[in-house]
Every structure is written in C-alpha cells, then in structure tokens.
Amino acid sequence: MTDPIYPAPPEADRRTAAMIRVDHAGEYGATRIYAGQLAVLGRGENAPLLRHMLAQEQAHLATFSAMVAERGVRPTVLLPFWHVAGYVLGAATAALGTKAAMACTVAVEEAIDAHYRAQREALPESEAALAATIETFRAEELEHRDTGLAHGAKQAPLYSLLSRAIKSACRVAIAVSEAV
C-alpha cells in the first residue's frame with residue numbers, strides 16, 4: 001500500500017531518499033545537541049563558538065528540510081525522539097564541563113564525517129548537486145571536529161569511553177533513521 005502523502009519513489013531513488021531522510025534527522029539532532037550545550041554553557045566563554053556551530057547546523061537542517069519537501073521524502077518518524085535525545089546528550093555532556101561538550105562534538109563529527117563520505121561515494125552522477133552539498137557540509141562538520149579538538153576535547157574525563165559511546169549511538173541513529 002502506498003502512502004498518499006509520501007508515495008514510494010522508484011527503486012533507484014529509494015537510496016537517495018533514505019540518505020536525505022537520515023541527513024535531515026542528523027542535522028535536526030545536531031541542532032538539538034548544541035541547544036542542550038548552550039542551555040548549560042550559554043553564558044560561558046565558549047558560548048559564541050557553540051552559537052556559531054549551531055547556526056551552521058541550522059543552515060544544514062534548512063537545506064535538508066527543503067530537500068525533504070521538494071523531493072517528497074518521508075521524514076523519519078523518530079524526530080520527536082531525536083528532539084529529546086539530542087538535547088539530553090548536549091546538556092549532559094555540557095554538564096560534565098566544556099571539555100566533555102567538545103568531546104561530544106568531536107565524536108559526533110567523526111561519525112558524521114564517515115557517514116557523509118560513504119554517502120558521497122555511493123551517490124550516482126545524476127546526484128552531483130546533492131553530492132556537492134554533502135561535501136560542503138562534511139567540510140563544516142570537520143571544522144567543528146577540529147574546533148572541539150582545539151578546545152580540549154581529548155582532555156575530557158573518560159574521553160575514549162565517551163567518544164566510543166557517542167560514536168556507537170550515532171551509528172545506531174543513522175541506521176534507524178534511514179529505515180523509519
């Protein structure tokens with residue numbers, strides 16, 4: 001049975017639709033992570049930096065939101081969950097301190113780098129514009145990673161454990177958001 005609002009795309013477009021769906025969800029989650037971090041650290045010395053990264057994530061989200069609408073891609077049904085989970089992750093890591101918040105940023109951005117790189121390589125030539133968008137956003141995500149590293153991410157308590165846990169959660173979120 002076909003959903004009348006979001007009809008199933010042809011087989012060749014299903015993978016691209018899944019990419020757009022998961023990227024939309026991921027950028028939404030990223031905005032929520034920074035919102036959570038700002039709720040805790042919004043008056044600190046790194047607040048302007050967090051606001052700058054949030055603004056970039058908001059621009060990424062706006063781009064993928066437009067693609068969802070233009071291409072008739074069904075958004076993930078998990079957006080309400082990512083709304084809460086992203087905020088909690090951001091606020092919880094920020095509550096551990098600025099370095100833990102930066103460790104969260106580094107872990108998320110390293111997971112997203114691998115995700116965006118794989119997407120770009122899998123896109124057909126007919127999706128050159130989408131590939132270029134993904135590559136542009138990937139470069140900005142790597143800037144966020146580098147910013148986190150420059151602001152002491154690796155000095156966060158239990159950095160390795162925190163990083164592995166967040167990267168694992170990101171991989172699960174990606175897989176689930178592609179499907180539902």
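A few notes on this one:
- In segment 36-45, residue farthest from Ala95 (Cα to Cα) [restricted to those that are surrounded by fewer than 20 Cβ atoms within 10 Å (Cβ to Cβ) and touching a helix residue (DSSP H, G or I) at 6+ places or on another chain (Cβ under 9 Å)]: Glu45
- Criterion violated by Pro4 - all others in (1) under 21 Å from Ala128 (Cβ atoms); (2) modelled with pLDDT under 95 satisfied: (1)
- Exclusive hit being at pLDDT 95 or above, surrounded by 18 or more Cβ atoms within 10 Å (Cβ to Cβ) and farther than 22 Å from Val40 by Cα, set Ala100, Ala111: Ala111
- Filter result for the condition that a residue is hydrophobic (A, V, I, L, M, F, W, C), under 21 Å from Tyr28 (Cβ atoms) and assigned to a helix (DSSP H, G or I), over Leu161, Leu130, Leu149: Leu130
- Check on Arg74, of a type in the set (Lys, Arg) and modelled with pLDDT under 95: yes
- Residue within segment 117-127 that is out of contact with any Phe, Trp or Tyr (no Cβ under 9 Å at 6 or more places or on another chain), crowded, with 22+ Cβ neighbours inside 10 Å and of a type in the set (D, E, K, R) present: no
- Annotation: of all residues in segment 114-156 being polar (S, T, N, Q) and at pLDDT 95 or above, the one that is farthest from Val176 (Cα to Cα) is Gln155.
- Taking the listed residues Thr147, Thr105, the one that is among the hydroxyl-bearing types (Ser, Thr, Tyr), within 14 Å of the chain's Cα centre (by Cα) and under 19 Å from Val40 (Cα atoms) is Thr105, with no other qualifying.
The values are calculated or read from the model by the stated rules, or taken from the named source; none is laboratory data. Only a predicted model underlies this, so the values are computations on that prediction, with no experimental measurement involved. We place every Cβ from the backbone using ideal geometry, glycine too, and count neighbours over all the protein chains shown.
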